[in-house]
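Asks: I have a structure I would like to understand better, so I am pasting it below and will then ask my questions one at a time.
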Amino acid sequence: MSHYDLIIIGSGPAGRAAGIQAGKLKRRVLVVDRKDRLGGVSVHTGTIPSKTLRETVLNLSGWRERSFYGRAYRVKDEIRAEDLKVRLHKTLEYEVDVLEHQFNRNHVDTLSGAARFTGPDRIEVATEAGDVARLSAGRFLIATGTRTHRPKTVPFNRRTIVDSDEFLDMAQIPRSLIVVGAGVIGVEYATMFSALDVRVTLIESRETFLEFIDKTLIGEFTHQIRENGVDLRLGSAIENIEDMGEHVEVSLANGRHVRAEMLLFAAGRIGATATLNLKAAGLEADARGRLAVDRKTYQTATPHIYAAGDVIGHPSLASTALQQGRVAACHALETPTLPESPWFPYGIYSVPEISTCGMSEEELQTRGIPYEVGIARFRETSRGHIMGLEHGMLKMLVSLKTRRILGVQIVGEGATELIHIAQAVLNLKGTVDYFVENTFNYPTLAEAYKVAGLDAFNRMPIPDEYKVGRKGAETGAGTG
């Protein structure tokens with residue numbers, strides 16, 4: 001039986017970061033993954049493929065240039081499924097190659113096979129060759145991520161009715177598409193394919209969607225995607241999904257029917273823990289297969305076993321999983337490290353993008369925090385004109401008491417990149433004055449921060465120190 005300082009189950013973002021961190025600490029570490037290629041769901045069916053697909057769609061469709069050249073403009077007249085997969089395969093190969101190189105460079109051992117606990121400090125790994133490896137470790141990290149939720153009432157056939165893992169294997173681009181579930185995954189794929197001029201119907205049984213996003217942003221986003229051709233059906237519970245051979249028929253509880261060539265079921269994911277034999281390790285997952293952890297150390301109920309990434313639930317982001325894996329590895333190996341920052345960005349790679357950091361307006365109202373709002377619209381910036389942007393906005397929330405930035409929400413081109421300015425200011429406890437006082441490159445979309453900052457600043461009471469500065473200026477003493 002081989003013994004390790006740390007065994008990591010899963011090679012997605014959390015497992016990747018933990019493995020590299022442990023390797024840099026010169027500990028004996030093993031990463032076990034069910035698949036024969038490293039990277040986990042994030043690399044092979046989740047984050048990287050979907051974002052690569054989005055970039056390919058926007059490039060080949062000429063989406064970003066249509067405001068100049070018309071809605072019929074395309075870079076490639078006939079876009080096929082194979083066209084979408086060319087960049088996808090190249091990107092995935094590169095991601096796997098980089099990960100393998102990082103593991104090799106940091107002396108991280110890897111093993112392909114299905115792992116299960118046989119005791120609190122032991123696992124066995126069944127390989128595809130039929131062998132069983134028995135291993136022990138002082139510490140474990142569970143980073144198995146999630147798998148698609150596949151209700152028995154949905155007649156999946158891998159061709160016209162698919163889940164989000166199977167969606168990328170499509171033989172041809174459908175002329176019409178039903179997406180069930182208006183969560184992050186469903187919204188991303190629905191808007192991507194709408195950009196390809198596919199007729200998309202997005203069905204959500206709840207009356208609202210993406211509830212954690214500021215309602216002003218959701219209102220703007222909803223208007224844009226409907227204008228782009230997405231038929232959004234909210235509050236529409238599904239009664240039946242029927243495979244009709246050449247098309248799919250969906251019956252809704254309100255009596256309406258929707259028909260399309262393909263259906264993507266994207267209504268939820270569950271923790272991939274069912275095969276781990278958690279009971280042998282003294283652990284138990286919740287009804288959705290997720291594990292409870294201490295959010296500072298990522299220790300489970302069994303102290304020497306840690307869990308990180310999507311398997312522990314919210315916020316279920318690849319970015320936060322990377323941080324969680326690193327912090328968990330440092331704590332497990334008793335190595336001091338910097339704590340995680342309190343504010344991190346959400347990124348939704350839809351068309352248009354959405355990204356937020358900090359509190360929403362609804363959260364401020366619930367907490368009774370006095371605030372002011374600053375708004376900037378991309379079409380009112382020079383860079384927005386140059387890029388031909390007709391939509392997009394940045395919303396800034398500012399404390400009336402301390403002038404600190406409380407939250408920033410962005411919808412539109414480049415939102416997931418622009419949000420990091422807000423993240424920095426939030427974590428450094430910066431105020432709206434930062435955006436008023438500082439100069440931004442011109443023309444840039446980042447200039448929207450200054451516009452929104454000035455918009456809020458001009459609505460707020462003038463601080464006493466600013467009044468003193470103004471008086472000094474009148475006497476020739478300057479403003480400081």
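Asks: Against the condition of a type in the set (D, E) and in a loop (DSSP other than H, G, I, E, B), how does E82 come out, does it pass?
Replies: Judged against the criteria, E82 is not a match.
Asks: For residues in region 415-453 being assigned to a helix (DSSP H, G or I) and charged (D, E, K, R), which is surrounded by the fewest Cβ atoms within 10 Å (Cβ to Cβ)?
Replies: E437
Table: residues versus (1) assigned by TED's automatic domain parsing to the domain that holds T118; (2) under 26 Å from the mean Cα position of the chain (by Cα); (3) β-branched (V, I, T); (4) more than 19 Å from K152 (Cα to Cα).
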site	(1), (2), (3), (4)
L234	no, yes, no, yes
E239	no, no, no, no
T320	yes, yes, yes, yes
Q323	yes, yes, no, yes
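Asks: Could you check, for region 94-109, whether at least one of its residues is in a loop (DSSP other than H, G, I, E, B) and crowded, with 20+ Cβ neighbours inside 10 Å?
Replies: Within region 94-109, one or more residues are in a loop (DSSP other than H, G, I, E, B) and crowded, with 20+ Cβ neighbours inside 10 Å.
Asks: Keeping to region 320-349, report how many residues are of a type in the set (G, A, S) and exposed (fewer than 15 other Cβ atoms within 10 Å of the Cβ).
Replies: 1
Asks: Let me ask something additional. Collect the residues in region 210-255 that are surrounded by 17 or more Cβ atoms within 10 Å (Cβ to Cβ), assigned to a strand (DSSP E or B) and in contact (Cβ under 8 Å) with a residue 40 or more places away in the chain, keeping them in residue-number order.
Replies: Residues satisfying the conditions are L232, I238, I241, V248, V250, L252.
Asks: Test of understanding: among I305, I354, I312, which residue is within 21 Å of V425 (Cα to Cα) and of a type in the set (V, I, T)?
Replies: None of the others qualify; the one that does is I354.
Asks: In the set L168, L111, L99, L141, which member is assigned by TED's automatic domain parsing to the domain that holds I238 and either on the phi < 0 side of the Ramachandran plot or without any contact (Cβ under 8 Å) to a residue 12 or more places away in the chain (or both)?
Replies: L168
Asks: Pairs needed: first member in region 301-316, aromatic (F, W, Y); second member anywhere, modelled with pLDDT of 95 or more; C-beta distance under 6 Å; at least 6 residues apart or different chains.
Replies: Short answer, once both residue conditions are applied: Y306/L141; Y306/Y298; Y306/Q299; Y306/A328; Y306/A332.
Asks: Could you tell me whether A81 is among the aliphatic types (A, V, I, L, M) and more than 29 Å from the chain's Cα centre (by Cα)?
Replies: Judged against the criteria, A81 is not a match.
Asks: Taking the conditions exactly as written (assigned to a loop (DSSP other than H, G, I, E, B) and modelled with pLDDT of 95 or more), does A292 satisfy them or not?
Replies: Against the criterion (assigned to a loop (DSSP other than H, G, I, E, B) and modelled with pLDDT of 95 or more), A292 qualifies.
Asks: Quick check on region 386-412: of everything there that is in contact (Cβ under 8 Å) with a residue 40 or more places away in the chain and more than 14 Å from Y449 (Cα to Cα), which residue is surrounded by the fewest Cβ atoms within 10 Å (Cβ to Cβ)?
Replies: I386
The values are calculated or read from the model by the stated rules, or taken from the named source; none is laboratory data. Remember, it's a predicted structure, so these values are computed and weren't measured experimentally. Backbone-built Cβ (ideal geometry, glycine too); neighbour counts: all protein chains shown.
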